[in-house]
1. Leaving ligands, DNA and RNA out of it, report the carbon-plus-sulfur percent of the accessible area of the chain at a 1.4 Å probe.
2. When ligands, DNA and RNA are left out and all protein chains stay put, how many square angstrom of accessible area per residue does the stretch 219-276 have with a 1.4 Å probe?
3. Using alpha carbons only, how many degrees (0 to 90, rounded to 10) separate the axis of helix 198-210 from the longest principal axis of the chain?
4. Taking loop as defined by DSSP and a crowding limit of 13 other beta carbons within 10 Å, which GluC sites (Glu not before Pro) in the stretch 125-229 fit?
5. Which one of Gln110, Ile124, Ala69 has its Cα pushed farthest toward the positive end of the charge dipole of the stretch 61-146, where Lys and Arg give +1 and Asp and Glu give -1 at the Cβ?
6. I need the calculated FRET efficiency for the pair Ala77 and Leu127, taking r as the beta carbon distance and R₀ as 25 Å, to the nearest 0.05.
7. Classify the stretch 19-113 as rounded, prolate or oblate from the Cα gyration tensor: take a ≥ b ≥ c as the square roots of its eigenvalues, call it rounded if a/c is under 1.5, otherwise prolate when a/b beats b/c and oblate if not.
8. Of Thr44, Ala206, Phe5, which is farthest towards the positive pole of the chain's charge dipole, taken about the Cα centre with +1 and -1 on the beta-carbons of Lys, Arg and Asp, Glu respectively?
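The values are calculated or read from the model by the stated rules, or taken from the named source; none is laboratory data. Nothing here was measured: the structure is a model prediction, and the numbers come from that model. Note: ideal-geometry Cβ built from the backbone for every residue, glycine included; neighbour counts use all protein chains shown. What goes into the accessible areas is simple: the full protein's heavy atoms, side chains included, and nothing from ligands, DNA or RNA. Shrake-Rupley method; radii C 1.70, N 1.55, O 1.52, S 1.80 Å.
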Amino acid sequence: MPNIFDHQGKRVHIIGICGASLCGVADILKENGFTVTGSDMKTTIFTPYVDRIGVPYTIGHSEENVAGADFVVHSAAVPETNVELAYARAHGIPVLERSECVGQIFDRYQNSISVAGCHGKTTISSLLGLMLLRGGMDPTIHVGGVLHYLEDSGTRVGNSDIMVLESCEYMNSFYHFKPHIAVLNNVDDDHLDFFKDMSDVYHSFATFVDGMDPDGVIFGCIDDPQVVKLMEQSGRKTVSFGLSGGDYTAKDIEYDEVGCAAFTPVRRGEALPRVK
């Protein structure tokens, strides 16, 4: 597999640049000294973000868009018959699929944090990124959603060795991510258009865990028996959380009139300052 950072300072063309993840990839690569161009079939809610970071792009695909590029990154939704991808292949331009490229970016961070699970990934990644940001940790954040605190994008390029990455199991894309810290929220029978059954979903998460840093740490939700099993079989240091107990839990949960929660976090029996 080609490594995009062997081409640092050169031109990368992104096919599908207005997608939730690739617009952020464009930002990260631009901040790392690449010249970035892009194309997409149509505008999206992320197009203003691409405009804001100043990456030139075209709506519509053609060979001219790729001509002269040193590297191509594409969405998994882009078929091999796509005129730009076919041109890159025919002319020997190195190509990476989105998740492969994100994995190579992720590898450059010492404190790499993958947030995984069939439900809640975006919420947890967003809140974790916000807490690190408010705590002055200057993280890089890459989430597949629209976050108001990131000016309606899902990506922030920080200057620390911390990266928070929403890591999706669909099509086993998180196999390309080798985190030092993994947050496992749940394992459920989701994406059954790709996975055969619950056993297949579990195997996907187990493979992801096997690929993480051997000296890494798993933060796992003990309310989910599949996550408990993954932690027990991982061979890694583990920290548990959950409403039913664990190293970290929440007590005295209350909701206000609009549904916002307040609770007392408890760390191994010690009550911490109340959160609202």
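1. Here carbon and sulfur together make up 52 percent of the probe-accessible area.
2. Ligands and nucleic acids excluded, the result is 66 Å² per residue.
3. Helix 198-210 sits roughly 80 degrees off the main axis of the chain.
4. Numbers: sites: Glu151, Glu166, Glu169; in loops: Glu151, Glu169.
Within the stretch 125-229, the qualifying GluC sites (Glu not before Pro) (loop, at most 13 other Cβ atoms within 10 Å) are Glu151.
5. Farthest towards the positive pole: Ile124.
6. Numbers: r = 28 Å, r/R0 = 1.12.
Using R0 = 25 Å, I get an efficiency of 0.35.
7. It is oblate, given that a/c is not under 1.5 and a/b is not larger than b/c.
8. Most positive-ward Cα: Phe5.
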